[in-house]
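Enquirer: Dropping a structure here in structure tokens format, bear with me for questions.
The values are calculated or read from the model by the stated rules, or taken from the named source; none is laboratory data. Please read these numbers as outputs of a predicted model, since none were measured by experiment. For neighbour counting, all protein chains shown are included, and Cβ atoms are generated from backbone atoms with ideal geometry for every residue, glycine included. For accessibility, only protein heavy atoms count, side chains too; no ligands or nucleic acids. Shrake-Rupley method; radii C 1.70, N 1.55, O 1.52, S 1.80 Å.
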Amino acid sequence: MQKVEFDYIIVGAGSSGCALAARLSEDPDVSVCLLEAGGPDSSVVVHAPVGAAVMLPTKINNWAFETVPQKGLNGRKGYQPRGKTLGGSSSTNAMLYVRGHQWDYDHWSDLGNAGWCYKDVLPYFKKAENNEHYSDEFHGQGGPLNVSNATDASHLNKKFLESCVINGVPVAADYNGEDQEGSFMYQRTIINGERCSAAKAYLTPNLDRSNLTVITHALTEKVLIEKERAVGVRYKNNGQSVEIKALKEVILSSGAFGSPQLLMLSGIGPARHLKEKGIDVVKDLPGVGQNLQDHIDYVQTFRVVGGSDTFGLSLKGSISILKSMLEWRNHRTGKITSTLAESGAFFKSSEDVAIPDLQLVWVAGIVDDHARKVNFGHGYSCHITLLRPESKGEVKLDTTNPEDSLLIDPKFLDKSNDIKILLKGAKKMQHILTDEPFNDIRGDMLYDVPMGDDIALENDIRNRADTQYHPVGTCKMGSKNDIYAVVDNELRVYGIEALRVVDGSIMPTLVGGNTNAPCIMIGEKAAEIIKARPCSQKSVEATEASVELPRNQYTPV
């Protein structure tokens, strides 16, 4: 029989969890166990950047959740893809390196979260980063996460950037630097032609550490709590339940859906909801599962005429991809290194707005319903994203089975101001996509919306808009006086000793940009907090395990 105990148990090997596991295990005297419900990240579609298009519409490395019907989206259910593999969504996303605006973090601090203003979090962004292009006060070199400029991008990006300038969105010097506003080519988390996920950045180099155990296919069922202290977890592996003990802390890094789900399954959350599900209440925390915020996103697409440098389903396109696959296999160069989403912009909906509240993401291909609808031929698309929606939703348990999906309700476009701002952004986007630089290649619009018809445009938004894949906020960081706060500014769960949440669910408000880089920053910052002020060690009786624990079930390509 094997005694199973670790100093730290981390549940979830996503962007935050990978960073946290790597940093905590730097101390050879500390043992760390990282549990991941998904499998190893050994698939070529993870490591080949363009493989994101294969995973997004399928269940390959993807939880592929759905929302409840959304009133603001004409009663449609939304789609919520989330990474289900080592690296979490950093192994399945579009690899865009975006931090959000400086104001976002200052706002967190203003809400009562000391230590989370921009000047406090910038060192952790820099610590994580190895930027191949920028070397200044805003960027880091030598960090695990490689950040590079676009290579082998479509020449149509030039048309997009020219059209942005024509329409009042000048080129930005560095959208992650001093001033976010403007148009640009996205920087990407890619290294030597391969995806640089949080797993590749933080786990791969450290798998030989004897004090780091990584277990995949481990679905955590609940946190074990004794006398208001987290003492371990129970997880299922190969159909068998296993209990392991934490001598110091249990840390949840399962994201905006997984972390509140696990808290509620463990008896921590809104008492009324837990009682409805027949769960014994350990701690009444009304905020668990509340405060869900996500970027609502709308796409317009145009077909191209003549030959064009885009991805598409055609004889010419298929031949091009086959050649590119061979090039990538041999040299890690070519079109396979594309993120598909290649250029973009941040801009303000009106002059009286202090900071950008809208984001553009231009794509070298046809985008239709998260790539779940197949369209033959070639085209170009663009996303318009509302950066700070006023609408807030919730996550609730549907059943008490941890393998079942949740009731996810983002309440998209619930607040009237959200549709007003998104409409402004959509009109600007349509002007950019139909202006002079595109005249020589632009064909028909995939879903035709006449220019200037606001009623038709709003109807199209409500018929087709959906997530930009950035759910956060369901284990809100806040002061003890905030009834909906779940964790304090050191990410400790209120009322339960030795339990923290470290992932995007702790964000009190959604940042103005993509969330992968901020989640990695959260992992970096949390590691330093824990090292500086760990929970006091307490003797916990080790569990006798009836199975041999696997170590580091992980196979890099």
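Enquirer: Over 25 Å between Cα atoms, which of Lys159/Lys335; Lys71/Lys392; Lys84/Lys126; Lys126/Lys480; Lys222/Lys275; Lys248/Lys275 qualify?
Expert: Result: Lys84/Lys126; Lys126/Lys480; Lys248/Lys275 exceed 25 Å.
Enquirer: What Kirkwood hydrodynamic radius do you get for the range 108-161 when you take the inverse of the mean 1/r over all pairs of distinct Cα atoms, in Å?
Expert: About 13.4 Å for the range 108-161.
Enquirer: So what's Rg/Rh here for the range 395-457, counting alpha carbon atoms and using the Kirkwood radius for Rh?
Expert: 1.24
Enquirer: Assuming R0 = 25 Å, can you tell me the calculated FRET efficiency for the pair Lys119 and Arg372, based on Cβ-Cβ distance, to the nearest 0.05?
Expert: With R0 = 25 Å, the Cβ-Cβ based efficiency is 0.05.
Enquirer: Counting only helical runs of four or more DSSP H residues, what would the 222 nm mean residue ellipticity of the chain come to if each run contributes -39,500 (n - 2.57) and the total is spread over all its residues?
Expert: Roughly -7000 deg cm²/dmol at 222 nm, from the helical runs in the chain.
Enquirer: Among (1) 23.9; (2) 37.6; (3) 25.8, only one was calculated for this model; which label is it, if the read-out is mean projected area of the Cα convex hull in nm²?
Expert: Only one listed value fits the structure, namely (1).
Enquirer: Given an 8 Å cut-off on Cα distances and at least 6 residues of separation, report the relative contact order of the range 329-464 as a percent.
Expert: RCO, the range 329-464: 16 percent.
Enquirer: In bins 10 Å wide, starting from 0, what share of all Cα pairs of the range 44-104 does each bin hold, as a percent?
Expert: Taking all Cα pairs of the range 44-104, the binned fractions are 22, 37, 30, 11 percent.
Enquirer: Determine the share of the chain's accessible area contributed by carbon and sulfur atoms, expressed in whole percent, with a 1.4 angstrom probe.
Expert: Looking at the chain in its full context, I get 49 percent from C and S.
Enquirer: How big is the C-alpha Rg of the range 197-308 next to the rule-of-thumb value 2.2 N^0.38 Å, as a ratio?
Expert: Cα Rg divided by the expected 2.2 N^0.38 Å: 1.51.
Enquirer: May I pose another question? May I ask you to derive the relative contact order of the chain, considering only C-alpha pairs under 8 Å and at least 6 residues apart, and to give it as an integer percent?
Expert: Relative contact order here is 24 percent.
Enquirer: Would you mind getting the Kirkwood hydrodynamic radius of the range 301-368 from its Cα pairs, rounded to one decimal in Å?
Expert: Averaging 1/r across every pair of different Cα atoms and inverting gives 14.4 Å.
Enquirer: Provide the per residue accessible area, probe 1.4 Å, for the range 20-130, rounded to a whole number of square angstrom.
Expert: On a per-residue basis, the range 20-130 sits at 34 Å².
Enquirer: What's the center-to-center distance, using Cα atoms, between the range 7-51 and the range 457-512 in Å?
Expert: First find each Cα centre; the distance between them is then 21 Å.
Enquirer: What is the helix-to-structure angle for 454-464, meaning the angle in degrees between its Cα long axis and the longest Cα principal axis of the chain, kept from 0 to 90 and rounded to the nearest 10?
Expert: 40
Enquirer: Moving to a separate point now. Average projected area of the Cα convex hull of the range 158-229, in nm²?
Expert: Mean orientational projected area (the range 158-229, Cα hull): 10.7 nm².
Enquirer: At q = 0.11, 0.12 Å⁻¹, work out log10 I(q)/I(0) for the range 359-476 with the Debye formula, treating every Cα as an identical point scatterer and leaving solvent out; two decimals please.
Expert: Once normalised to I(0) and log-transformed, intensities are -0.47, -0.55.
Enquirer: Suppose the Debye formula is applied to equal point scatterers at every Cα of the range 305-421; what is log10 I(q)/I(0) at q = 0.09, 0.13, 0.23 Å⁻¹?
Expert: Those come out to -0.44, -0.80, -1.23, one per q.
Enquirer: What does the net charge come to around His383 if you take all other residues with beta carbon closer than 11 Å to its beta carbon, with K and R at +1 and D and E at -1?
Expert: Overall, the nearby charge balance is -2.
Enquirer: Could you do me a favour and compute the accessible area per residue for the range 234-275, 1.4 Å probe, result in Å²?
Expert: Per residue, the range 234-275 has an accessible area of 30 Å².
Enquirer: Another one. Quick one: P(r) of the range 74-135 from all Cα-Cα pairs, 10 Å bins, percents rounded to integers, in order of increasing distance.
Expert: Cα pair-distance distribution for the range 74-135, in percent: 17, 30, 35, 16, 3.
Enquirer: I would also like to ask the following. Can you tell me what percent of all Cα-Cα pairs in the range 1-87 are more than 17 Å apart?
Expert: Every Cα pair in the range 1-87 considered, those over 17 Å come to 61 percent.
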